[in-house]
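**Student:** One structure, pasted below without further comment.
The values are calculated or read from the model by the stated rules, or taken from the named source; none is laboratory data. This one's a predicted model, so the numbers in the text were calculated from it and none came from an experiment. Counting neighbours? That spans all protein chains shown, and the Cβs are built from the backbone with ideal geometry, glycine included.
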Amino acid sequence: MDARAAAAAYLVKVPPFPTLVTSDGFTAKLFTDLSRITHLQLQQSWGQAPRGDGTTHPDKNFPPGLTSCNGFVGVYGTATNIALPGRDLGQFLLEQRLKQWGKSFAWIPSTAGVRPKFGDIFEVLGRPHVGISLDFVGNTWLTAEGGQGGSQMKRDIIKRKQVTQIDDFVRTDKSEQLKGWVDIDLFVNGPPPTELPSSMLGWWSVPWRGKTFFYFFEANFKASWTYTKPISDAFTPFTFDDTATVTLDGPASITLKWKATGSVEKFTGSGREMVGMWNGVEPLVATKLF
């Protein structure tokens, strides 16, 4: 499942910045669609409206201090099929929850220089709050978050937000550091592979600009090339002209970053042929030899 594509398709429901989705007024229905919480339920939680029995004491489903931050994330996880039955992502202590579910590999602790990706679910350090990471535009972090109102405002709000990052740690608009985030791709698809798929290993022929390059892929995410044509799968030249790191972007998609030249090549395909692009501008075709 392409979790990030599912996230992008769903999150268009949240209006562009700086539009507010309030729990009351003309956006009330959208607010409830996005959070499964009504304005009346919020008022009852805050003791600002009587319940059906005439009291102002909220029941267990709508505890005191209710806001939409959990509900918004929970509905997002369910609507995109990122969350699984019985594994609601709209809650706090996400690191512990993932550990209980056997998905600790999907929790990314906040560390210097590391940023959440589009659709990831972040949790704030120091107070109970969760939200959804969107894009980074330079050093500006875009998010979508519920719980942006409260009892003092007498309404709750879901909205897109943006905040400029001033150091190597990702921080909220309140200068709060993050605990970390749920990498939705890892949560859905499992931990990253420890080796390249066996179908990619070995020798490939890549013609380009009138010459033929022979690529050799190794299991440890390494590729090399030479002009010397291999004569069998056991052939290994004494030296290669360049080496590259290989990133597995998907089940049949890879990115090569060549060390000496700095060139970046992307390939997709399965079986004995892959098609790709050199630096995003020139097409490439790779054919498996052995």
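**Student:** Taking Pro283, is it assigned to a strand (DSSP E or B), surrounded by fewer than 13 Cβ atoms within 10 Å (Cβ to Cβ), in contact (Cβ under 8 Å) with a residue 12 or more places away in the chain and outside the structural domain of Arg127 (by TED's automatic domain parsing)? Give the steps one after another, and end with the answer.
**Tutor:** Values: assigned to a strand (DSSP E or B): yes; surrounded by fewer than 13 Cβ atoms within 10 Å (Cβ to Cβ): yes; in contact (Cβ under 8 Å) with a residue 12 or more places away in the chain: no; outside the structural domain of Arg127 (by TED's automatic domain parsing): yes.
No: the conditions fail for Pro283.
**Student:** Out of curiosity, is Lys179 more than 22 Å from Val246 (Cα to Cα), touching a residue at least 60 places away in the same chain (Cβ under 8 Å) and touching a strand residue (DSSP E or B) at 6+ places or on another chain (Cβ under 8 Å)?
**Tutor:** Numbers: more than 22 Å from Val246 (Cα to Cα): yes; touching a residue at least 60 places away in the same chain (Cβ under 8 Å): yes; touching a strand residue (DSSP E or B) at 6+ places or on another chain (Cβ under 8 Å): yes.
Yes.
**Student:** Could you say which residue among Thr255, Thr243 is in a strand (DSSP E or B) and more than 30 Å from Ala3 (Cβ to Cβ)? Talk me through it step by step, then tell me what you get.
**Tutor:** Working: Thr255 fails: more than 30 Å from Ala3 (Cβ to Cβ).
None of the others qualify; the one that does is Thr243.
**Student:** Out of the residues in segment 183-203 meeting the condition of being over 27 Å from Asn81 (Cα atoms) and of a type outside the set (A, V, I, L, M), tell me which one is surrounded by the fewest Cβ atoms within 10 Å (Cβ to Cβ).
**Tutor:** Step one: of segment 183-203, the residues over 27 Å from Asn81 (Cα atoms) are 195-196, 198-203.
In the following step, the residues that additionally are of a type outside the set (A, V, I, L, M) were identified as 195, 198-199, 202-203.
On the way: Glu195: 12, Ser198: 8, Ser199: 13, Gly202: 15, Trp203: 20.
My answer is Ser198.
**Student:** Here is a further query. Being in contact (Cβ under 8 Å) with a residue 24 or more places away in the chain, exposed (fewer than 15 other Cβ atoms within 10 Å of the Cβ) and outside the structural domain of Asn81 (by TED's automatic domain parsing): is that true of Ala219 here?
**Tutor:** On the way: in contact (Cβ under 8 Å) with a residue 24 or more places away in the chain: yes; exposed (fewer than 15 other Cβ atoms within 10 Å of the Cβ): yes; outside the structural domain of Asn81 (by TED's automatic domain parsing): yes.
So Ala219 passes the test.
**Student:** For residues that are touching a helix residue (DSSP H, G or I) at 6+ places or on another chain (Cβ under 8 Å) and hydroxyl-bearing (Ser, Thr, Tyr), scanning just segment 11-31, find the one that is farthest from Val163 (Cα to Cα).
**Tutor:** Ser23
**Student:** With Arg36, Arg127, Arg97 as the choices, which residue is over 30 Å from Asp168 (Cα atoms) and surrounded by fewer than 19 Cβ atoms within 10 Å (Cβ to Cβ)?
**Tutor:** Values: Arg127 fails: over 30 Å from Asp168 (Cα atoms); Arg97 fails: over 30 Å from Asp168 (Cα atoms).
Going through Arg36, Arg127, Arg97 in turn, just one is over 30 Å from Asp168 (Cα atoms) and surrounded by fewer than 19 Cβ atoms within 10 Å (Cβ to Cβ): Arg36.
**Student:** Among the residues of segment 68-99, write down those that are over 16 Å from the mean Cα position of the chain (by Cα) and assigned to a loop (DSSP other than H, G, I, E, B).
**Tutor:** Hits for segment 68-99 are Ser68, Pro85, Gly86, Asp88, Gln91, Phe92, Leu93.
**Student:** Out of segment 87-142, which residues are in contact with a Leu (Cβ under 7 Å, 6 or more places away or on another chain), more than 22 Å from Ala9 (Cβ to Cβ) and in contact (Cβ under 8 Å) with a residue 12 or more places away in the chain?
**Tutor:** Phe105, Trp107, Ser110, Glu123, Val124, Leu125, listed by residue number.
**Student:** Name the one entry in Lys174, Lys179 that is surrounded by 14 or more Cβ atoms within 10 Å (Cβ to Cβ) and within 30 Å of Gly146 (Cβ to Cβ).
**Tutor:** On the way: Lys174 fails: surrounded by 14 or more Cβ atoms within 10 Å (Cβ to Cβ).
When all the criteria are applied, what remains is Lys179.
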